[in-house]
Every structure is written in structure tokens, then in C-alpha cells.
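The values are calculated or read from the model by the stated rules, or taken from the named source; none is laboratory data. Please read all numbers here as calculations on a predicted model, not as lab measurements. Cβ placement follows ideal geometry from the backbone for every residue including glycine, while neighbour counts extend to all protein chains displayed.
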């Protein structure tokens, strides 16, 4: 299936929903949906943009790119498949009038905020092309993260480690949308390690969310320069294994969280689950669903999950896709990284550099 064919398949699903709901058109404004329907188009200017800088308008018989004159030519030439969409271009001085222009041109319209649940369901069931792209992203991201971690030396700062990871990702066309780095005892005090000038001495934990073609992958690796760093890591792998084994078709995300909560207790970590969320479903958002124990959403085939158990001083995390063959980790440890067998999965160990 070519990229354009993939896009057209998604458009037909949108049109079917338009017919069922009685709308003439839908405007896709959100970055996640822009990337989904364009099969990898980058609709952002800033990495953290929630809305795209152009909208995709799907009608019963056409597809349009609605954008101002700053963005229209670039998006058509660089981010959309050829012949996918016709341009609707406004001068940047009046692009605030875009909604009224679309209303006038297309009549009874809706948007992807009003259809949020429907679009979330569509973009989280991955097609064959998306799974292939996700695997490529996982392999490349794990290699970058591990190459940097292998090169870390005592005295480097969290800023420097984050900078090297960012450099490695950008060199492969991957966007670093979240970079967390904790040195020494900082991982014992906080769970979101926004980088600081703190220096590495006893060890470092590096976590990331990396994006390519709209798909987002999460992973974490740890390096110990002294014994005792990330001492709860093995216990967390047991918790993660419980999450992996519970991620089966039809099981609710809430029930998986309950399984994870119990696994913390079984591994002597008691209430550690209370100190951070446990991850969840991913795709075109870092967490499409970040479930609590009451989340009723069921697991389906061809969905991606990034569970991230954490405790004082340690964290483990990778991204996996549930296929008909089982749960496949798509960001596996590379050949140079130490590994440990954990149930049905080969998982990254802490790199012991002492």
C-alpha cells in the first residue's frame, strides 16, 4: 500500500462517518489527526504544537488543505502526498477568518474536537504501514538512546546527555518531543527528570518520547557507575512483565492498572504506583490513554502500549505493539546493550559501568 493509498483509505473511513452523522465536512485541526490522515505529514511548526498549522478538510467528495499563505505551499510540497488535497489558501493577515470561510463553502461542518473519541479510536488501531514505520522508529530510537548512554562519562551534566540524545535523534529525522535525564540521587526525589545542570557520578537514567511521521515512541535506559544505582530496576522489570502479560485483547486498561498495582506489592514496592502514572496506550499522542484503575477502554489488536513502572531511583520503559502473534517490543535493546530474560521478553538491563 502506497502512502497515498493509505491516506485515501483513511479518508473513506472519515466519509463513512460523515454520512452516518449527517455532516457535509469535517475539519481536522489537531496535529495528531493531521499526521494520521496524511500518513506521516508534519503539521507542526513548534514541536509541542497541539494544533497543526494547516487543517485537512474532508468532504463527501473532496479533500482540502486549508492554511494561510505562509504554510500552504510548504505543506503541499513537503508534508502531503502528491495529489492528496486541493489548497484553500488565505493571506496570513486574515487567517482568523478561516472557520467562517469553511462554513460558507462546505455548509454543515464539524471538527475533530467534536469528533475526538471517533478519531482517537481510528488513529490508535494501526495499519500494516503504520506498524512497519513504528518498528523502524523503535529500532532507530533505541540505538540512539543506547549509543548516548554508552558514551556517558562521570562529570557530564544532564543538559549534555539530553543534548547528545537530541542530536542523535535529529540526525535521523526523529523529533525529540520529551527528554528526561536524572543523575545520581535526583531520580530518588522526582519522577519527571526535566534536565538540569546536575553532574553524573553514581549513574544516570535517560527517558524519551521520540516522534517520526506523527507516531510517538517511549523508551528508558539506565547506566550505573556505582553499585546500588537503580537498585529497584529488577523489581520493576517484574512489574512490567505483569503489565505485558495482562495486555491482551479484550482486557480493559483499568484492569491492567490493577494488575500492575498488585505487582508492585508482590515485589516489595508497596505504594510506589501512587507516585507516578503507569503509562498506557500510545500512537499519535505520547499517551492516547493514560489509564487509572477505572478506565473501561478495552485492549484491541494492532495497538501500541508504553508501560513505565517506576520506583525510588529506577524506571523501566519500552514501547510494544499487540499483534495477532502476541505483544512485540518494538524498541528492543540493541546488540551492544546488556539484556535479561523476563518471561517471554528479552529486556534491557542496567548498564553496569563499574
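State which residue is modelled with the highest pLDDT when the search covers only segment 106-140 and only residues that are touching a strand residue (DSSP E or B) at 6+ places or on another chain (Cβ under 9 Å), assigned to a helix (DSSP H, G or I) and within 19 Å of residue 24 (Cβ to Cβ).
Step by step, filter segment 106-140, then rank; the result is 119.
In segment 90-105, what residues are surrounded by 14 or more Cβ atoms within 10 Å (Cβ to Cβ) and assigned to a helix (DSSP H, G or I)?
95, 98, 99, 101, 102, 105
Of the residues 216, 205, 177, only one is at pLDDT 95 or above, surrounded by fewer than 21 Cβ atoms within 10 Å (Cβ to Cβ) and assigned to a strand (DSSP E or B); which?
Unique residue meeting the criteria: 177.
Select, from 47, 28, the only residue that is surrounded by 24 or more Cβ atoms within 10 Å (Cβ to Cβ), touching a strand residue (DSSP E or B) at 6+ places or on another chain (Cβ under 9 Å) and touching a residue at least 60 places away in the same chain (Cβ under 8 Å). Reasoning before the result, please.
On the way: 47 fails: surrounded by 24 or more Cβ atoms within 10 Å (Cβ to Cβ).
Step by step, each of 47, 28 is checked, and only 28 is surrounded by 24 or more Cβ atoms within 10 Å (Cβ to Cβ), touching a strand residue (DSSP E or B) at 6+ places or on another chain (Cβ under 9 Å) and touching a residue at least 60 places away in the same chain (Cβ under 8 Å).
Among the residues of segment 107-115, is any out of contact with any helix residue (DSSP H, G or I) (no Cβ under 6 Å at 6 or more places or on another chain), farther than 20 Å from residue 218 by Cα, without any contact (Cβ under 8 Å) to a residue 60 or more places away in the chain and surrounded by 17 or more Cβ atoms within 10 Å (Cβ to Cβ)?
Among the residues of segment 107-115, not one is out of contact with any helix residue (DSSP H, G or I) (no Cβ under 6 Å at 6 or more places or on another chain), farther than 20 Å from residue 218 by Cα, without any contact (Cβ under 8 Å) to a residue 60 or more places away in the chain and surrounded by 17 or more Cβ atoms within 10 Å (Cβ to Cβ), which makes the answer no.
Given 14, 58, which one is more than 30 Å from residue 178 (Cα to Cα) and in a strand (DSSP E or B)?
58
Where the second residue is at pLDDT 95 or above and surrounded by fewer than 24 Cβ atoms within 10 Å (Cβ to Cβ) and the first is on the phi > 0 side of the Ramachandran plot and in a strand (DSSP E or B) and lies in segment 311-327, which pairs have Cβ atoms under 8 Å and are six or more apart or on separate chains?
326/344
Hey, among 160, 143, 245, 240, which residue is in a helix (DSSP H, G or I), surrounded by fewer than 21 Cβ atoms within 10 Å (Cβ to Cβ), at pLDDT 95 or above and under 19 Å from the mean Cα position of the chain (by Cα)? Give the steps one after another, and end with the answer.
Values: 160 fails: under 19 Å from the mean Cα position of the chain (by Cα); 245 fails: under 19 Å from the mean Cα position of the chain (by Cα); 240 fails: surrounded by fewer than 21 Cβ atoms within 10 Å (Cβ to Cβ).
Sole residue among the options that is in a helix (DSSP H, G or I), surrounded by fewer than 21 Cβ atoms within 10 Å (Cβ to Cβ), at pLDDT 95 or above and under 19 Å from the mean Cα position of the chain (by Cα): 143.
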